[in-house]
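Take a look at the structure set out below.
The values are calculated or read from the model by the stated rules, or taken from the named source; none is laboratory data. Computed from a prediction, not measured in an experiment: that's the story for all the values here. Methodologically, a virtual Cβ is constructed for each residue, glycine included, from the backbone with ideal geometry; neighbour enumeration extends over all protein chains shown. Accessible surface areas use protein heavy atoms only, side chains included; no ligands, DNA or RNA. Shrake-Rupley method; radii C 1.70, N 1.55, O 1.52, S 1.80 Å.
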Amino acid sequence: MQYVTVKGVDTAVSRIGLGGEQLGGHGWGRVTREGLVGVVRQALDSGVTLFDTAPIYGLGESELLLGEELRGRRHKAVVATKCGLNWTPTPRFRKWPDGSPESVRGEVEGSLQRLLTDYVDVCQVHWPDPATPLEDTLGVLADLRTEGKIRAIGCCNFPAELLRKAFSICDVSVVQVPYSLIDRAAATDILPLCLEHGVAVVAYSPLARGLLTGKYGSGSEFGPADNRSRHPYVTGSAWREWPSTAMRLAEIATSMGRTAAELAVAWVLATEGVSATLVGAKSPEQIESVCAGEDGPKLPESLFNEIGETVQGSDHAQ
Ligand SMILES: NC(=O)c1ccc[n+]([C@@H]2O[C@H](COP(=O)([O-])OP(=O)(O)OC[C@H]3O[C@@H](n4cnc5c(N)ncnc54)[C@H](OP(=O)(O)O)[C@@H]3O)[C@@H](O)[C@H]2O)c1
């Protein structure tokens, strides 16, 4: 496993981080607690130090599981959670951005309790909140950093213009964006902007939520308990070409004796300006195999270019 440093974070950050959405136990079809516990243990065994989560993943369940599994091993981990998203479970589940200082402070206190820790390494604004001045949201995060409750600040899903503003308000360490062979919008503006400002980019959904693993094609259907049935990658027009992309990637991977998942992750990590990527896993084998791929031969530049050219992507913003 390769590691990078991130401003404000003491522990070396693994270039493959474990995504915490699946650890919440909802929205990805059938998963078992035993399997999810195995995912975290396997990630640690594979050299993963970066663990991404959020209060909303499983409405607290992802943070609870991570807190439990990192007990006694907390110092080995870089725990990155999120804030700025509020929700109500009843009468019908509803979520909305809320970057107000009171809400953010309350969320961070809740995360600390669930994660069984007295600090989080990175606290990331999950989505921009147009109703709250950005100065207020980042102001309370800067206070929490001074108080030692968080070590570094991050922003997820910010357009480039808003990121520029964030960088002028406070020291931002991490930017999270979707980035994969089929979704390359961030390469046009966000990656160069972060490179210029020395901010780490953590690319999420490198497998396009599993679509690039070679298991899925145009005939694939995702059940109602699987959020992919409603995801823009599957329902939106910008990503209509994903089945042919996935097929072509699988062909290239087979010819190299590698898996499509490994190659999709390797391609993201070889992109200039990407510091690390988050892979979500539902079984220990899934995270083990992508980490083993990262330990294998590096992607030569010629092949990186060839894959990027033969496999189609979209630079449409989500
Ligand atoms: N900041 C944000 O707004 C935001 C948004 C989205 C995600 N994220 C973070 O990024 C993480 C990763 O993104 P993601 O979960 O959306 O997508 P992803 O990592 O692109 O895809 C994950 C899915 O791919 C399949 N998979 C994983 N490894 C595999 C392997 N080796 N072989 C075959 N299939 C494999 C699994 O689903 P199946 O087995 O069911 O196919 C898994 O659930 C999330 O967990 C979350 O922490 C952040």
Worksheet item: When you scan the range 243-253, how many residues do you find that are under 23 Å from the mean Cα position of the chain (by Cα) and either of a type in the set (Ser, Thr, Tyr) or at pLDDT below 90 (or both)?
Response: 1
Discussion item. Can you list residue pairs whose Cβ atoms sit under 6 Å apart, with the first residue in the range 15-32 being within 12 Å of Gly280 (Cα to Cα) and within 6 Å of the ligand (Cβ to nearest atom) and the second being part of a strand (DSSP E or B) and at pLDDT 95 or above? Count only pairs 6 or more apart in sequence or on different chains.
Written reply: Gly19/Asp52; Gly19/Leu278; Gly19/Val279; Gly20/Asp52
Discussion item. For the range 19-53, give me each residue that is assigned to a helix (DSSP H, G or I), open to solvent by 10 Å² or more (accessible area, probe 1.4 Å) and closer than 18 Å to His126 by Cα.
Written reply: Gln22
Practice prompt. Would you please list the contacts, defined by Cβ atoms under 9 Å and residues six or more apart or on different chains, that run from a residue in the range 290-314 that is closer than 18 Å to Ala250 by Cα and among the hydroxyl-bearing types (Ser, Thr, Tyr) to a residue that is modelled with pLDDT of 80 or more and surrounded by 20 or more Cβ atoms within 10 Å (Cβ to Cβ)?
Written response: Thr310/Leu249
Worksheet item: Quick one: Arg114 ticks every box in (1) within 20 Å of Gly8 (Cβ to Cβ); (2) in contact with an Asp or Glu (Cβ under 6 Å, 6 or more places away or on another chain) bar one, so which box is it?
Response: (1)
Practice prompt. Among the residues of the range 33-49, count how many are within 12 Å of the ligand (Cβ to nearest atom) and closer than 18 Å to Ala261 by Cβ.
Written response: 5
Response to the item:
Being within 30 Å of Glu272 (Cα to Cα), within 14 Å of the ligand (Cβ to nearest atom) and open to solvent by 20 Å² or more (accessible area, probe 1.4 Å) narrows Tyr57, Tyr3 down to just Tyr57
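Has the range 286-297 got any residue that is at pLDDT 90 or above, hydrophobic (A, V, I, L, M, F, W, C), within 11 Å of the ligand (Cβ to nearest atom) and surrounded by fewer than 21 Cβ atoms within 10 Å (Cβ to Cβ)?
In the first step, residues of the range 286-297 are kept if they are at pLDDT 90 or above; the result is 286-292.
Imposing the further condition that a residue be hydrophobic (A, V, I, L, M, F, W, C) reduces the set to 287, 290-292.
Keeping just the survivors that are within 11 Å of the ligand (Cβ to nearest atom) gives 287, 290-292.
Subsequent filtering for residues that are surrounded by fewer than 21 Cβ atoms within 10 Å (Cβ to Cβ) retains 292.
Yes, the range 286-297 contains a residue that is at pLDDT 90 or above, hydrophobic (A, V, I, L, M, F, W, C), within 11 Å of the ligand (Cβ to nearest atom) and surrounded by fewer than 21 Cβ atoms within 10 Å (Cβ to Cβ).
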Practice prompt. Please go through the range 136-171 and pick out each residue that is within 16 Å of the ligand (Cβ to nearest atom), open to solvent by 20 Å² or more (accessible area, probe 1.4 Å) and part of a helix (DSSP H, G or I).
Written response: Leu162
Worksheet item: How do the helices (runs of 4 or more DSSP H) wholly within the range 214-304 filter down when requiring 3 or more residues that are out of contact with any strand residue (DSSP E or B) (no Cβ under 6 Å at 6 or more places or on another chain) and among the β-branched types (Val, Ile, Thr): which remain?
Response: 242-256
Worksheet item: If Thr271 satisfies every condition in (1) within 11 Å of the ligand (Cβ to nearest atom); (2) open to solvent by less than 70 Å² (accessible area, probe 1.4 Å) but one, which is the exception?
Response: (1)
Worksheet entry | Failed condition for Ser237, given (1) without any contact (Cβ under 8 Å) to a residue 24 or more places away in the chain; (2) within 15 Å of the ligand (Cβ to nearest atom) | (2)
Worksheet entry | Selected residue [open to solvent by less than 40 Å² (accessible area, probe 1.4 Å), aliphatic (A, V, I, L, M), within 16 Å of the ligand (Cβ to nearest atom) and closer than 17 Å to Leu85 by Cα] from Val174, Val125 | Val125
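Restricting to the range 54-113, count the residues that are of a type in the set (Ser, Thr, Tyr) and in a strand (DSSP E or B). Please lay out each step first, then the result.
Start the filter on the range 54-113 by keeping residues that are of a type in the set (Ser, Thr, Tyr), which leaves 57, 62, 81, 88, 90, 100, 103, 111.
When the remaining residues are screened for being in a strand (DSSP E or B), the result is 81, 88.
Matching residues across the range 54-113 total 2.
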Practice prompt. Check Pro206 against each of (1) of a type outside the set (A, V, I, L, M); (2) near the ligand (Cβ under 9 Å from one of its atoms); (3) surrounded by fewer than 24 Cβ atoms within 10 Å (Cβ to Cβ) and name the one condition it does not meet.
Written response: (3)
